[in-house]
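Undergrad: My questions will all concern the structure given below.
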Amino acid sequence: MSVKTSRLSFIGLLSSAVLVVVLATWGNATAANPGEQLVSEPNQAGSENSNKSGAQAKKEAVATLAGGCFWCTEAVFERMRGVNDVVSGYIGGHVKNPTYQQVCGKQTGHAEAVEIYYDPSKTTYEELLEVFFKTHDPTTLNRQGADEGPQYRSAVFFHDDKQKAEAKKYIAKLNAAGDGPIVTTLEPASKFYPAEEYHQDYFARNPNAGYCRAVVRNKVRKFNREFGDKIKKKGE
């Protein structure tokens with residue numbers, strides 16, 4: 001079982017009866033079509049970023065994106081060619097080591113986000129942005145569907161000026177094309193806190209959970225439809 005040990009600075013196992021009740025309400029969601037490939041296999045040997053030489057590490061870059069529930073965002077990017085690893089977590093807040101319950105309480109200022117570790121020789125930051133903006137709604141402030149609150153805000157957390165410029169340019173392109181107004185914020189990447197272990201690879205581990213069947217699955221289907229040429233091949 002993967003715990004993404006090289007990424008996760010802490011493991012906070014959290015038992016939430018409230019979460020179980022909420023997920024149960026989605027139990028009547030439509031099942032996947034027979035043979036439909038929606039779920040990526042969880043990482044079996046931890047992060048591919050472990051024990052890399054300096055030369056290998058230089059081949060990997062990181063992007064940090066927030067587009068609503070991180071179960072959805074993680075599930076989409078884990079399928080994308082050129083992406084080595086995706087970690088769900090919290091960023092952009094003012095409380096150290098926040099828990100899921102605290103973030104959901106809307107008092108910490110954090111967004112649910114993912115850190116995406118990718119190979120720039122196989123995919124680009126602009127391609128990540130393209131998938132990001134296509135697989136969530138960047139026009140709704142602090143909301144994705146029924147999920148509401150600042151923790152669900154649409155945001156790009158840039159790691160350098162180049163990422164900031166690329167994101168700003170991409171948003172301007174969407175607005176000019178009439179796809180806006182885009183409310184996605186551009187925020188400097190601050191301390192990223194990996195979420196509790198049970199959130200990692202959530203869709204891969206829990207494909208039949210109510211929320212996954214009703215919400216996450218549709219996000220993955222959209223990625224499959226829109227970006228069939230970017231889906232990882234078996235073994236990648």
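The values are calculated or read from the model by the stated rules, or taken from the named source; none is laboratory data. As the structure is a prediction and not an experimental result, all values here were calculated from the model. Every residue, glycine among them, receives a Cβ derived from its backbone with ideal geometry; neighbour counts consider all protein chains shown.
Undergrad: Within the stretch 151-164, identify whether any single residue is of a type in the set (S, T, N, Q), surrounded by fewer than 14 Cβ atoms within 10 Å (Cβ to Cβ), over 15 Å from residue 113 (Cα atoms) and modelled with pLDDT of 95 or more, and answer yes or no.
TA: Within the stretch 151-164 (the criterion being of a type in the set (S, T, N, Q), surrounded by fewer than 14 Cβ atoms within 10 Å (Cβ to Cβ), over 15 Å from residue 113 (Cα atoms) and modelled with pLDDT of 95 or more), the answer is no, since none of the residues qualifies.
Undergrad: Just checking, which of 119, 147, 85 is farther than 26 Å from residue 233 by Cα and modelled with pLDDT of 95 or more?
TA: 147
Undergrad: For the structure I just gave you, tell me whether residue 107 is of a type outside the set (Lys, Arg) and in a helix (DSSP H, G or I).
TA: When the stated conditions are applied, residue 107 does not pass them.
Undergrad: Is it the case, given these coordinates, that residue 180 is at pLDDT below 95 and either under 14 Å from the mean Cα position of the chain (by Cα) or farther than 15 Å from residue 74 by Cα (or both)?
TA: yes
Undergrad: Does at least one position in the stretch 185-193 carry a residue that is of a type outside the set (Val, Ile, Thr), loosely packed, with under 14 Cβ neighbours inside 10 Å and free of Cβ contacts under 8 Å to residues at least 40 places away in the same chain?
TA: Yes, some residue in the stretch 185-193 is of a type outside the set (Val, Ile, Thr), loosely packed, with under 14 Cβ neighbours inside 10 Å and free of Cβ contacts under 8 Å to residues at least 40 places away in the same chain.
Undergrad: Wholly within the stretch 152-236, which helices (runs of 4 or more DSSP H) include no fewer than the required count, namely at least 2 residues that are within 18 Å of residue 69 (Cα to Cα)?
TA: Ranges flagged: 202-205, 217-226.
Undergrad: Taking the stretch 128-153, which residues are closer than 15 Å to residue 106 by Cα and within 12 Å of the chain's Cα centre (by Cα)?
TA: Result: 152, single match.
Undergrad: What single numbered condition from (1) surrounded by fewer than 19 Cβ atoms within 10 Å (Cβ to Cβ); (2) at pLDDT 95 or above; (3) of a type outside the set (A, V, I, L, M) fails to hold for residue 213?
TA: (1)
Undergrad: Which pairs have Cβ atoms under 8 Å, sit 6 or more apart or on different chains, and link a residue in the stretch 159-177 that is more than 20 Å from residue 190 (Cβ to Cβ) and touching a residue at least 40 places away in the same chain (Cβ under 8 Å) to one that is in a helix (DSSP H, G or I) and not acidic (Asp, Glu)?
TA: 170/129; 170/133; 174/133
Undergrad: Still on this structure, I have one more. Give just the number: which of (1) within 24 Å of residue 195 (Cα to Cα); (2) surrounded by 18 or more Cβ atoms within 10 Å (Cβ to Cβ); (3) not basic (Lys, Arg) does residue 123 not satisfy?
TA: Result: residue 123 passes all but (1).
Undergrad: I'd like to verify a number: residues in the stretch 98-109 that are under 19 Å from the mean Cα position of the chain (by Cα) and either within 10 Å of residue 191 (Cα to Cα) or exposed (fewer than 14 other Cβ atoms within 10 Å of the Cβ) (or both), how many?
TA: Count: 1.
Undergrad: What do you reckon, is residue 197 surrounded by 15 or more Cβ atoms within 10 Å (Cβ to Cβ), at pLDDT 95 or above, more than 17 Å from the chain's Cα centre (by Cα) and not small (Gly, Ala, Ser)?
TA: Criteria not met by residue 197.
Undergrad: Out of the residues in the stretch 130-150 that are crowded, with 22+ Cβ neighbours inside 10 Å and among the hydrophobic types (A, V, I, L, M, F, W, C), state the one that is farthest from residue 74 (Cα to Cα).
TA: Out of the qualifying residues, it is 133.
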